[in-house]
Amino acid sequence: MLSSDIIGPVHPEIFDLKELKMLSVMCVISGLSIIAASGIPALFFSSSSISAHRLTVLLFIAGSLLGISGTVMALYSPIPFVLSYNWVLPFGQFSVSVDKLSAFFLFLIFIIPALGSVYSLGYWKQSEHPENGHKLGLFYGLLVGSMAMVVISHDGVLFLIAWEIMALSAFFVLTTEDEKSEVRKTGWIYLVCTHIGTLLLFALFTFWNKATGSFLLEMASALPSGVSSVLFLLTFLAFSFKAGFIPFHIWLPGAHANAPSHVSAIMSGVLLKIGIYGIIRMTGLLPVIEPWWGAVFLAVGAFTGLFGITFALAQRDFKRILAYSSIENIGIIGMGIGLALLGRAFAKPELIILGMGGSLFHVWNHALFKSLLFFNSGAVIHATHTRDIEQMGGLAKSMPFTALFFIIGALAISALPPLNGFAGEWLLYIGLFKTLGLSQIPDLAFAGFASVALAMIGTLAVATFVRMYSTVFLGSSRFPLHDPVQDSVKSMQIPMAIVSVICICLGVIPVLVAPFLDGAVRAWVPLVGLSVSVFDLAPVSWLTTIGFSLFVFFAVYALWMKIAKTKHATQKGITWDCGYSEPTARMQYTGTSFTRTIVNLLSFMLQPKIREREKMVHFPEKKIFHTSFPDLVLDRLVLPFFELCNKIVPRMYVFQQGQTHLYVLYILLMIIALFVCSGIGVGL
Amino acid sequence: MIDIGIHLVLLLILPPLLPGIINKTKALFAGRVGPPVFQLYYDIFKLMRKGMVISETTTWIFRAAPIITLICVFIAGLLVPLGNAPACLFFMGDFLLYAYLFGLARFFTTCAALDTGSAFEGMGASREVTFASLTEPALFFAFLVLVKLSGSLSLSGMLHAGSIGRYPAGSVAPLVMIIIGMYIVFLAENSRIPVDDPQTHLELTMIHEVMILDHSGPLLGIIEYASSMKLFVLGSVLINIIIPFYSGVQWLDWLIFIGGLLCLSVVVGITESVIARLRMPRVPSVLIAAILLCGSSFVMVLR
């Protein structure tokens, strides 16, 4: 049946298109089911069995491969296929579909957690963690499977069910080490936040059902502007808790810091993006877009980005820095969504394509480099047994590969060319600058301010990651380490290497993502009669030229250095340090001192807590200096509020006397009160 | 084709002359003879032939940083139009690459400084990233103004290279504001007085000079060359905004441009002679003034 000239894309003449679409959905569903169940067989093995762990990973990878093949097939079908069954529940139905927007997110869900699963072989060895290894494996699989289910749900009720499974299994994976009180505390905060989000989702889908007459997630035909504004606000609030826009980010830094590193990697890289997916999906279904929605997202995004990176700059916990930087990146993604919404409100397709394209590209990019950096954090923490970067130093010599992977991730996340972070932000920048050219809508030019915020975020990100890289990997070791430090095992390095290579490839040859991006943007909003690609609007081939020339120049230089080495006398010596001959490791700049000036400048945002004690006596005595940067929202607003509640609520105990007749009295009083109320109601 | 040739030759050969002129101007102000204008060429040639001492604390970052900086500045130089000709490379969004290439250079320079494990160099790196986070918004506001005025998303178009027509009428005030703002950015980015002192009479050796304390020999030579090229590249953007006319005759335009650049060096020399260097804690206020100037200029062109 296959003729020799058709090897490339599958043509409809060869396979029945409907069958192909059916097959694609089936592949995705069975893939995600295998992933979700991947941790179950291991439960029948002994709790320290390594082969059980390997089996889990193997099943996970098999499921991912099946899922990826289904997703690739979905890319070839012009119209998404909807698979529906009725079920016994009184509302909603089992309805799934894999369109190109879902496919875009499915790639993330199938690729990054699979790498994380391989990583866990070395990082969370079953033999070293018999008490919680199987639990982690079970819920890790369930989390990833349910994320995939969320993304392909075509029905509000199914979406909610999958969402709740996802939220709960995320709770269990992040509280893997539930014997630690800090882990339990962050777990609780997460649980509360995610359920506020779920509650808002209930409101959203109920309202959606009311407005459109069904739970199906299909483009609404026409909605009054008030109704769609309410739907938009509910969407924004409900998903912001998961995505982590400020001030809804409060669960995020603690949760990312305290989870095992590969879990942090998929939480930051993938789970936050499910929140973004929700926003993109739901806004795509609304027929009319109000201009202020885009403005809200631009403003919230810019604020989130600046706030997130400022806090990242001040932290000293390796994983907390990465967590705050995730908040920053979510802000950037939000700015892209804002630009795209503005483009839809004003019917400017180029803004839609550049905004949504930049935003989605950044979704991929952030997932890649952030998981790379979290994998890295695991390797470093394994070697040093601490998360405090001020106790590290000089690791590049003992862990050269880890250091190399880190610098690739750091360059990418600081959005520097020629890596993928820059390529994504470049689209967004061009979109923001294009608003200036639209003279018929002068108000839109205020979007230009967002580009300045983006530039500032960029330089602060450079500062953050220079600080991090140099404090952890450069200089000399600040404290003697317990064991000799060496590079991590192969199973941890291979995932990092794969992600690094993808980061470089997407940075130098961004055109690779064009088909994925174009499909996803058009799945968000059908741009009828417009065949322009993302990269037609931004001449991305130049990034390839510049990227390659950077590499070529550097290679030539490295070669020249090899040759020139023989010609020039190169001596080794201690750091010159203006002639000081006895430098010690304690004299180096620490991460905190490195950012001291910039933190002082930004202290109006950071509100640092400084504890200092210096006795003024004739001979200097021991001095204490301690700074900390409590989260503005969590530590200064939310927790004090609940503490206040804790103080007030006990006063209600007087009503709770434990005597039956008193409770009967309460019931009587209540009934009387209800009668009175209804009497007033009738009277009105 | 000839333009591209001249562009490359100027970009590669002219830069070390500019610090020479600045120093000569300063010397004249101080009533000294001063070093010859070609001093930096001699220095670079001398350094390239020397051996070097490398600290045992350092890694490959320390050796790679100077050349990465040079490559970044060189490619940024290819994106900037010199004279009245379009740049060697121009495309939509090239100004973003221009700004971010300097970011890449900064990443490696500061990492190399911290690589030595010296408190001095850490201090310099810390100041560098702090001040960069203030110059960048000013630069982007200036870009916004230029994009709005010219309607082009490429440096060559923004600076009206290759055309006689200049900015629309009524754009003088915003342009003057961004010229002042960009001049402050130019001084800060090139570590000149009042932000930094290239002669570095302490305040613990200031910013740029302290970051390269441990570099020696060819590495130092490359750094010197790269920083003079940075002066040239950033200066060319400024000159292109300042010079309101070109004759349209190829050779005359090139002369006007080179003359403008030399004048800029003299102006920098005069600035350095008449203004005292600021104390470090005062520097942010100047940079914030630059942001405000460029920002208000943007608000002006919006209305």
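For the reader, a short list of remarks on this structure follows.
- Label-point separation, A:R184 to A:A211 (7 Å along Cα→Cβ), nm: 4.2 nm
- Of all lysines in the structure, the ones whose alpha carbon falls short of 25 Å from that of A:K647, not counting any fewer than 8 places away in one chain, are A:K185, A:K609.
- Three-way shape label, chain B, alpha-carbon gyration tensor, a/c 1.5: prolate
- D (Stokes-Einstein, µm²/s), Kirkwood Cα radius, the protein assembly as shown, 0.692 mPa s at 37 °C: 109 µm²/s
- Within the protein assembly as shown, percent of DSSP bridges classed antiparallel, to nearest 5: 75 percent
- In a reduced charge model with +1 at each Lys and Arg Cβ and -1 at each Asp and Glu Cβ, the range B:177-280 shows a dipole moment near 220 debye about its Cα centre.
- Fewest-first sequence of A:F202, B:F298 by Cβ atoms within 10 Å of each Cβ: A:F202, B:F298
- Among the listed pairs A:K125/A:K490; A:K348/B:K148; A:K273/A:K348; B:K46/B:K230; A:K319/A:K623; A:K319/A:K572, those with a Cα-Cα distance over 24 Å are A:K273/A:K348; A:K319/A:K623; A:K319/A:K572.
- Of A:V452, A:V28, A:V617, B:V9, the sequence from fewest to most neighbouring Cβ atoms within 10 angstrom is A:V617, B:V9, A:V452, A:V28.
- When each of A:K319, A:K572, A:K242, A:K125 is scored by the number of other beta-carbon atoms lying within 10 Å, the sequence from fewest to most is A:K572, A:K125, A:K319, A:K242.
- Under the convention that each Lys and Arg Cβ holds +1 and each Asp and Glu Cβ holds -1, the size of the dipole of the range B:45-190 around its Cα centre is about 340 debye.
- Under 17 Å of direct C-alpha separation, and excluding same-chain neighbours fewer than eight residues apart, B:K26 reaches these aspartates and glutamates: B:D196, B:D197, B:E272.
- The range B:199-268: GluC sites (Glu not before Pro) in DSSP loop, at most 11 other beta carbons within 10 Å: none
- Ellipticity at 222 nm from helices only: DSSP H runs of n ≥ 4 in chain A, each -39500 (n - 2.57), divided by the residue count, give -21500 deg cm²/dmol.
- Amide hydrogen neighbours beyond the local backbone of A:L216, cut-off 5 Å, H modeled: A:G156
- Taking a straight line from the alpha carbon of A:K210, these lysines sit under 26 Å away, with near neighbours fewer than eight places off in the same chain left out: A:K242.
- Qualifying trypsin sites (Lys or Arg not before Pro) in the range B:14-46, DSSP loop, other Cβ atoms within 10 Å at most 13: B:R32
- Cβ-based net charge around B:T57, under 11 Å, with every Lys or Arg adding one and every Asp or Glu removing one: -3
- Added length on full extension, which subtracts the Cα-Cα distance from 0.36 nm per residue, A:F604 to A:L665: 16.6 nm
- GluC sites (Glu not before Pro) restricted to the range A:134-235 and DSSP loop, no more than 15 other C-beta within 10 Å: A:E179, A:E218
- ³J(HN,Hα), Karplus 6.51/-1.76/1.60, whole Hz, each residue of the range A:657-665, x for Gly, Pro: 8, x, 10, 4, 5, 5, 5, 4, 4
Since every read-out is calculated from the coordinates, none of them should be taken as a lab result. Predicted model only: the values in this text are computed from it and were never measured. Every residue, glycine as well, gets a Cβ built from its backbone with ideal geometry; the counts of neighbours run over all protein chains shown.
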